[in-house]
């Protein structure tokens, strides 16, 4: 599914301008543009009034990097992620009341270490990790029940490491390795 093209006559807001300045600063820090070019593009970005006027300042910049942190939060209800989905480097999961199910067995894991922070009040959580993943639950504090997890005896070199931290009030965390 493609997103609709942006309207070049739409007026810029402060958030749009701030995002453009951040992209220009990142491009300079990564060596994609020179100091002089940064000055010129910043001046252009700060004086632009519409998206169409801003476009030349951002032309030829590399694509934005995917976010490395994400938060999934609900007050009550279910949190469920399964199938093919991109796992960020840092994932925070917050739920006051409800169930959490994270299935990483078919997920796209681009980072060697994944940090999952659980902030759960009442309810249970289940995390399915890849077959060869290394799981560390030392940073997780449980209030009422213990964590159910049986570590694998061996894993291949380069296997993803999944560190689970945070706190759980009344509920149990069950971690299992995928069968395939």
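The values are calculated or read from the model by the stated rules, or taken from the named source; none is laboratory data. As the structure is a prediction and not an experimental result, all values here were calculated from the model. Positions of Cβ are generated from backbone atoms using ideal geometry, with glycine treated the same way; all protein chains shown enter the neighbour counts.
Residue 50 passes every criterion in (1) assigned by TED's automatic domain parsing to the domain that holds residue 171; (2) closer than 30 Å to residue 9 by Cβ apart from (1). Within the range 84-105, restricting attention to residues that are assigned to a loop (DSSP other than H, G, I, E, B) and modelled with pLDDT under 90, the residue that is nearest to the chain's Cα centre (by Cα) is 85. May I ask you to verify whether residue 24 is farther than 17 Å from residue 8 by Cα, assigned to a helix (DSSP H, G or I) and either out of contact with any strand residue (DSSP E or B) (no Cβ under 9 Å at 6 or more places or on another chain) or touching a residue at least 60 places away in the same chain (Cβ under 8 Å) (or both)? The answer is yes for residue 24.
If you go through the range 2-21, how many residues are at pLDDT 75 or above and not in a helix (DSSP H, G or I)? Lay out the reasoning, then the answer.
So the first thing to find is which residues in the range 2-21 are at pLDDT 75 or above, and the list is 9-14, 16-21.
Add one more test, that the residue is not in a helix (DSSP H, G or I), and what stays is 9-13.
Total meeting the criteria: 5.
Run down 156, 131 and say which single residue is under 18 Å from residue 112 (Cα atoms) and either loosely packed, with under 13 Cβ neighbours inside 10 Å or not assigned by TED's automatic domain parsing to the domain that holds residue 105 (or both). Result: 156 is the single residue among 156, 131 that is under 18 Å from residue 112 (Cα atoms) and either loosely packed, with under 13 Cβ neighbours inside 10 Å or not assigned by TED's automatic domain parsing to the domain that holds residue 105 (or both).
Scan the range 27-50 for residues that are in contact (Cβ under 8 Å) with a residue 12 or more places away in the chain and surrounded by fewer than 16 Cβ atoms within 10 Å (Cβ to Cβ) and jot them down.
So the first thing to find is which residues in the range 27-50 are in contact (Cβ under 8 Å) with a residue 12 or more places away in the chain, and the list is 27, 30, 32-33, 38, 41-42, 44-46, 48-50.
Correct list: 30, 32, 46, 49, 50.
Here 89, 82 are screened, and the one residue that is more than 30 Å from residue 26 (Cα to Cα) and surrounded by 13 or more Cβ atoms within 10 Å (Cβ to Cβ) is 82.
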